[in-house]
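Chemist: This structure is in structure tokens; I'll ask about it shortly.
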Amino acid sequence: MMALVEVEGLRKVYPDGTEAVRGIDFAVGEGEFFGFLGPNGAGKSTTIKMLVTLIPPTEGRAVISGFALGRDDRRIREVIGYAAQDVSVDEDLTGRENLVLSGRLYHLAQREALRRADELLELVGLSDAANRRAGFYSGGMRRRLDLAQALMHRPKLLFLDEPTTGLDPQNRRAMWDELQRLNRDGTTVFLTTQYMEEADTLCERLAVIDHGMIVSEGSPASMKAELGGEVLSLSFTTDDPDMLQVLIDRGAAILRGIEGLAEVREADRTVIANMRDGAREVLPEALRAMEEAGLDARIAVSPPTLDDVFMKITGHALRDEEGKPTGFSFGGRRRVKR
Amino acid sequence: METLRVTTALAVRSMKRTIRRPVFLVLSLLQPLIWLLLFSQVMKNFGKATLPPGMSYVTLFAPAVMLQTILFGSFQSGMGMVHDIEVGLFDKFLIAPINRMAILMGRALADGARMFVQGLFMVLLAMALGVRFVHGPLGVLAALLLAVIFGIGLAALSNVAALRTKSTEATLMIVNFFLFPLLFLSPALVPKDVLPGWIATFGKFNPVAYAVDASRNLMVGVVENRTLSTAIDWGQLGRATLFLVGVAIGGMTLARMAFRKATA
């Protein structure tokens, strides 16, 4: 497999001193579906903005489709498509006009642009809305139009920055299908996400990124396998936060006393532990210990998720870190409502 | 050639936005309309005392209002730029494999067309109010074009403000801050000879003063010391053209620099 993207020691320090990306290396093979998984503020958007030539790296180098970032930017722009985290469509243009404009920006002739626009409108299910202004589109429709814009020039490499953030489950599912189909048809996809389910479903390979560094890399399956067996979790029904903390502490203490469990930790109102042995041995013991202590907890056993992987590597949950602002390229992007 | 096509596509896109959001266009005409109607009443008697016999104040004021409409229309350009930055369209243009100057040029082209229409509207209004244009349609056209060239320079400067501040409010304030004094320190409202000496002197450095004089020169004739001359003052016109083209080139150069800095 040839590498379509090769990144070495990429680093970004913003003028305010924030080091958003702290020297990362990775490669994306041709035809691959590659993902960056990480919480808000991990450096995902900053990385993507460097790779799509929007902001210059502070250090490091990247080669995209054989072109050096910073030297052959225009050639890079020709082969990539990019859909930003925040949808950007021109609300005063119709869906079709938005697409045709994108086509013109990629040097398609007017007729070719129109043809391709109709093809894509059909593909993303916007044919009926083609002549309506994008300002009247719903959030999901805008996302689809935005994606279609990125596809106008048939890029061989597609950068998607959190393409399903803000979508409802149904639209998210549809977007996943769409992206998988694109990838099957030969488009290499580089996607960032903060949803482990998304990374799990879509990505053949992913890099887990946290605080501007890649902390793990591999296929979702291999990452989960590395974690070992299944995961045991304790949850409690109380609403009183003080009480809950007491219960969590007691629960954690009890689990730590059990031979077959490892890496006992607290996460999101629950206590989690990795099971070294099978459930058959550990579960009865855990139940007995709870009973003896008189602790009223719900016990569940589940296969490990990427969330657990993330927790294990970084020591914190994927979604519990409240976002520092993500890197921005050109001014903050504030959504303007008319 | 490729750049020209992209420039045109971006210009057409900007024009579509203007047409489909007519409220801005209407508002931009409303203010000068009120100026024209109010001032011609307020200054009626003043006009009788200071203008050549038989010349109405509306006639003196109309070319200035045409100019004013275009100048105040110019900073819709910077506001449009801020909008594009805010919604992320600017980034979309930046990652396209195009000569990035097409982004600025496309905007300038659309601005020019819009300002021309805004100015033309005021010309038609003046005609309806009985203003006679002594050099006919050609004179009016020349005056409009000169005003638009000046307007493109100011539009470029509003883009500098936009690229620097990325804020609609700031862009508006910066342009207002400069434009209003320049307008009042020009012979827009009264004939030159009525202005205090220091304002007349300052007029030598005030592009708005050059533009006001040129518009009058080309549309209704040169007014000085209660006399009206309907011969074109070519010297004044030449100086004004040089000065205003200079502003346009200077503005575009600064915009280009601000653009490069912002996207480096």
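Just so you know, all these numbers are worked out from the coordinates, no wet-lab data involved. These figures come from a predicted structure and were not determined experimentally. Positions of Cβ are generated from backbone atoms using ideal geometry, with glycine treated the same way; all protein chains shown enter the neighbour counts.
Chemist: If amide hydrogens are placed 1.01 Å from N in the peptide plane, which non-local residues have theirs closer than 5 Å to the one on A:I209?
Modeler: For A:I209, the qualifying residues are A:L37, A:G38, A:V215.
Chemist: Ignoring everything except DSSP H segments at least 4 long, calculate the 222 nm mean residue ellipticity for chain A; use -39,500 (n - 2.57) per segment, divide by total residues, nearest 500.
Modeler: On the way: 11 runs with 124 residues, N = 338.
Estimated from H runs of four or more residues: -11000 deg cm²/dmol.
Chemist: Let me check I have the definition right: for region A:164-316, take the eigenvalues of the Cα gyration tensor, multiply each by 5, take square roots. What are those semi-axes in whole Å, largest first?
Modeler: On the way: eigenvalues 238, 59, 40 Å².
Equivalent-ellipsoid dimensions as semi-axes: 35, 17, 14 Å.
Chemist: Let me ask something additional. Over the whole of B:15-26, what's the average partner chain Cβ count within 10 Å per residue? Rounded to a whole number, please.
Modeler: That average works out to 2.
Chemist: Still on this structure, please answer the following. Between beta-carbons, use under 9 Å as the cut-off and find the net charge around A:K44, counting Lys and Arg +1, Asp and Glu -1.
Modeler: Its environment carries a net charge of -2.
Chemist: What lysines does B:K16 reach when the alpha-carbon gap must be under 28 Å and sequence neighbours fewer than 8 apart in one chain are set aside?
Modeler: Candidates past the 8-residue exclusion: A:K337, B:K92, B:K166.
Chemist: Still on this structure, I have one more. Please list, in chain and number order, the residues 5+ apart from A:G23 or on another chain whose amide H is under 5 Å from its amide H, with Hs placed from the backbone.
Modeler: Amide H to amide H, under 5 Å and 5 or more residues apart or across chains, A:G23 pairs with A:R11, A:K12.
Chemist: Just the number, please: percent antiparallel of the DSSP beta bridges in region A:3-219, rounded to the nearest 5. It would help to have the intermediate numbers written out before the result.
Modeler: On the way: 21 of 39 bridges.
Here the share of antiparallel DSSP bridges comes out near 55 percent.
Chemist: Cα centroids of region A:237-257 and region A:145-218: how far apart, whole angstrom?
Modeler: 38 Å
Chemist: Here is a follow-up. Using a cut-off of 13 Å between beta-carbons, work out the net charge of the residues near A:E97 (Lys and Arg +1, Asp and Glu -1, A:E97 not included).
Modeler: Numbers: positive: A:R96, A:R104, A:R132, A:R133, B:R13, B:K16, B:R17, B:R20; negative: A:D90, A:E91, A:D92, A:D118.
Net of charged neighbours comes to +4.
Chemist: For peptide B:92-104, how many partner chain Cβ atoms fall within 10 Å of a residue's Cβ, on average?
Modeler: Values: counts 14, 4, 7, 15, 11, 13, 6, 1, 1, 0, 1, 1, 0.
Neighbouring Cβ atoms belonging to other protein chains average 6 per residue here.
Chemist: Another question about this same structure. Output wanted: per-residue J couplings in Hz (rounded whole) for region A:116-130, from phi through Karplus 6.51 cos²θ - 1.76 cosθ + 1.60, θ = phi - 60°, x for Gly and Pro.
Modeler: Each residue of region A:116-130 in turn: 5, 4, 5, 4, 6, 4, 4, 4, 9, x, 10, 3, 5, 9, 4 Hz.
Chemist: Specify the inter-centroid distance of region A:51-88 and region A:12-44, based on alpha-carbon positions, in whole Å.
Modeler: So the separation of the two Cα centres works out to 13 Å.
Chemist: Long-range amide H contacts for A:L4: which residues qualify at under 5 Å (H placed 1.01 Å from N, peptide plane, sequence gap of 5 or more or a different chain)?
Modeler: Result for A:L4 returns A:V28, A:G29, A:E30.
Chemist: In addition: Lys and Arg at +1, Asp and Glu at -1: add these up for the other residues within a Cβ distance under 15 Å of B:A209 and post the number.
Modeler: So the surrounding residues net to 0.
Chemist: Suppose every K and R has +1 on its Cβ and every D and E has -1 on its Cβ; what is the size of the dipole of chain A about the Cα centre, in Debye to the nearest 20?
Modeler: Numbers: 44 positive and 55 negative charges, 352 e Å.
Using Cβ point charges on Lys, Arg, Asp and Glu, chain A gives about 1680 debye.
Chemist: Nearest 5 percent is fine: what portion of the DSSP beta bridges confined to the protein assembly as shown is antiparallel? The partial results should precede the final answer.
Modeler: On the way: 39 of 57 bridges.
The antiparallel fraction comes to roughly 70 percent.
Chemist: Hey, another quick one. Hey, got the average number of other protein chain Cβ atoms within 10 angstrom for residues in A:99-112? Don't skip to the answer; put the middle values down first.
Modeler: Numbers: counts 0, 2, 10, 4, 1, 9, 12, 4, 6, 0, 1, 2, 0, 0.
Across the residues of A:99-112, the mean count of other-chain Cβ atoms within 10 Å is 4.
Chemist: Further question: Which FRET efficiency value, to the nearest 0.05, do you get for A:T18 and A:A221 by plugging their Cβ-Cβ distance into 1/(1 + (r/R0)^6) with R0 = 51 Å? Don't skip to the end; give the middle numbers.
Modeler: Working: r = 34 Å, r/R0 = 0.67.
The calculated FRET efficiency here is 0.90.
Chemist: Would you kindly derive the ³J(HN,Hα) couplings of region A:189-198 from the backbone phi angles with the Karplus curve 6.51 cos²θ - 1.76 cosθ + 1.60 (θ = phi - 60°), listing them in order in whole Hz, with x for Gly and Pro?
Modeler: 10, 10, 10, 10, 7, 10, 9, 5, 4, 5
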